[in-house]
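Everything on this sheet refers to the single structure shown next.
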Amino acid sequence: MDSRTRQRVEGSARPGSIPLRPELVEFMSARCLSRYSRCSKVVRADVREANAWQLLAARQAPLATPRIARDALEIDAISRVRSHVRRRLLADALENTSAPRLNPNHFEDFTFFVRLRQDDVVIWEGDLLHQRAAAGTPSDNGCLHLPLAEVWATIKQSGSCAELTTWLAQTGTLLEQDQAVLGRLSITLVAIRKSDEAVVSLGHFSILSWDQVFGTGNPDQSFKFNSSPHVPLFASPGHQFRADLWLGTLHGTTGGGTLDYLDLEITHSVTRETAHSGELSTHSMRYLLTYLAGVQPFERAAALRTIQSWGSIDSDSEPDSD
């Protein structure tokens with residue numbers, strides 16, 4: 001018996017030791033596995049040899065297609081090139097002696113993690129990408145638009161929301177029916193910037209007021225999900241920004257109706273000499289999202305001054321384009 005084998009046998013024989021069972025790893029949480037792997041050097045070696053983190057990732061964050069060795073090497077090379085490019089861009093920015101100017105990200109530069117919960121049960125969660133809404137539709141406003149048709153197909157196939165399925169299958173619904181179904185639904189939205197994995201918590205949303213319903217009784221309806229009134233998306237002296245979501249639904253269509261889209265709306269309130277409130281333009285939404293995701297220290301002060309100038313009469317207007 002070699003020394004490594006003897007060490008593992010002795011380690012597993014110690015009182016109170018818990019052997020790793022690879023077939024149970026997928027039922028663990030990331031926190032549990034992390035704590036387990038820090039128990040001892042022997043346990044950490046077991047975790048590595050069992051490929052425990054790969055097993056957990058395959059269960060909780062599966063890839064769309066299996067990754068082969070060549071794909072892994074390519075992804076690693078792309079990551080190293082991207083890191084080097086970001087270093088060079090930062091160096092170029094530092095060499096620029098002119099006044100710093102924040103170049104906002106586009107919505108396409110982010111992945112949006114969405115969780116749909118009915119009461120205490122998560123009915124779907126996953127990553128979505130911004131897509132431009134079709135011209136002439138109610139969502140054709142240039143703002144953040146997350147399609148839900150494929151999400152609803154997955155939810156419906158699972159059979160986990162029979163009440164929601166029945167509600168969408170009805171051509172027209174009464175407000176009491178809307179309240180009974182959507183009153184149990186909540187939505188959580190998180191933005192992740194692709195380039196550096198920076199995370200922005202956009203909020204946890206539910207319906208607080210049933211006055212904000214468009215198209216009640218019609219096949220095409222949208223409902224406003226509000227973030228907590230006590231938790232703004234961002235606040236600075238005299239300024240407050242709130243995020244809300246519009247949930248679009250199609251009722252009684254081919255296939256029995258569907259959850260159609262999520263649209264993000266950010267409202268800016270100014271409480272100074274004269275109160276002002278209004279929705280942010282597309283450019284301002286992108287600017288704020290970029291600022292919240294994190295900017296370089298030499299950009300931060302100027303970016304904050306730009307944000308605090310919004311709503312003032314003499315503020316510089318930015319192009320409203322995405």
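The values are calculated or read from the model by the stated rules, or taken from the named source; none is laboratory data. All figures in this text were calculated on a predicted structure; none of them were measured in a lab. Ideal geometry is used to build each Cβ from the backbone, glycine not excepted, and the neighbour counts take in all protein chains shown. Quick note on the areas: whole protein, heavy atoms, side chains included, nothing else; ligands and nucleic acids left out. Shrake-Rupley method; radii C 1.70, N 1.55, O 1.52, S 1.80 Å.
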Interchain or long-range residues, amide H under 5 Å from Gly203's placed H: Leu189
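Translational diffusion coefficient, Stokes-Einstein: compute it for the range 108-195 using the Kirkwood radius over C-alpha pairs as Rh, at 25 °C and 0.890 mPa s, and state it as an integer in µm² s⁻¹.
Numbers: Rh = 14.7 Å.
D, rounded to a whole number, is 167 µm²/s.
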Give me the distance in nm between label points sitting 7 Å out from Cα along the Cα-to-Cβ direction at Ala235 and Glu176, one decimal. 3.9
Give the accessible area for Cys39 in Å² (nearest 10); use a 1.4 Å probe, count only protein heavy atoms, and leave out ligands, DNA and RNA. 90
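Counting only protein heavy atoms, what percent of the accessible surface of the range 103-201 is carbon or sulfur at a 1.4 Å probe? Don't jump to the answer; show the numbers that get you there.
On the way: 2550 of 4990 Å².
Ligands and nucleic acids excluded, carbon and sulfur give 51 percent.
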Cys32-Val122 FRET efficiency (beta carbon distance; Förster radius 22 Å; 0.05 resolution): 0.75
Along each of its three principal axes, how wide is the spread of alpha-carbon positions in the range 92-250, in whole angstrom units, largest first? 62, 36, 36
Please list the equivalent ellipsoid semi-axes of the range 231-296, computed as the square roots of five times the alpha-carbon gyration tensor eigenvalues, in descending order and whole angstrom. 32, 15, 9
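Can you bin the range 187-268 into rounded, prolate or oblate? Criterion: square roots of the alpha carbon gyration tensor eigenvalues sorted a ≥ b ≥ c, rounded for a/c under 1.5, prolate for a/b above b/c, oblate for the rest. The partial results should precede the final answer.
Values: a/c = 3.27, a/b = 1.59, b/c = 2.06.
Verdict is oblate for the range 187-268.
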Can you compute the modelled spin-label distance between Val81 and Arg305, with each label point 7 Å from Cα toward Cβ, in nm? 3.9
